[in-house]
Amino acid sequence: MVAGKVKKPGKRGRKPAKIDLKAKLERSRQSARECRARKKLRYQYLEELVSSKERAICALREELEMYKQWCSAMDQGKIPSEIKALLTGDEQKIPPSSGTKKNKNVQS
């Protein structure tokens, strides 16, 4: 007896049947399978993202190295052929992206 209340023997509520426990366990297993599959897809996506970022970094490093070589050549008094092409306005040797940027800046 706790605080004047008497606990009555008997069943209150619904007691789950064994089939319900088996169904609950199977749902739990299925949910875990789906969770692992989602996790695997998420990791695959992240790995692809990292790999694409690494490729972009390599390309930018190569571009930076090219610019460093150009600067060192100009410090020695030599003008690289790529810069000569830019200075003479030879549109055939200029990459399309840099050519459009230059034209935009000239018009402004």
Check Gly13 against each of (1) modelled with pLDDT under 90; (2) in a helix (DSSP H, G or I); (3) not aromatic (Phe, Trp, Tyr) and name the one condition it does not meet.
(2)
What pairs come up if the first residue lies in segment 57-75 and is surrounded by 10 or more Cβ atoms within 10 Å (Cβ to Cβ), the second is outside any helix (DSSP H, G or I) and not aliphatic (A, V, I, L, M), and their beta carbons are under 7 Å apart, counting only those six or more places apart or on different chains?
Trp70/Pro80; Ala73/Pro80
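The values are calculated or read from the model by the stated rules, or taken from the named source; none is laboratory data. Source: prediction; values computed, not measured. When we count neighbours, we look across all protein chains shown, and the Cβ atoms used for this are built from the backbone with ideal geometry, even at glycine.
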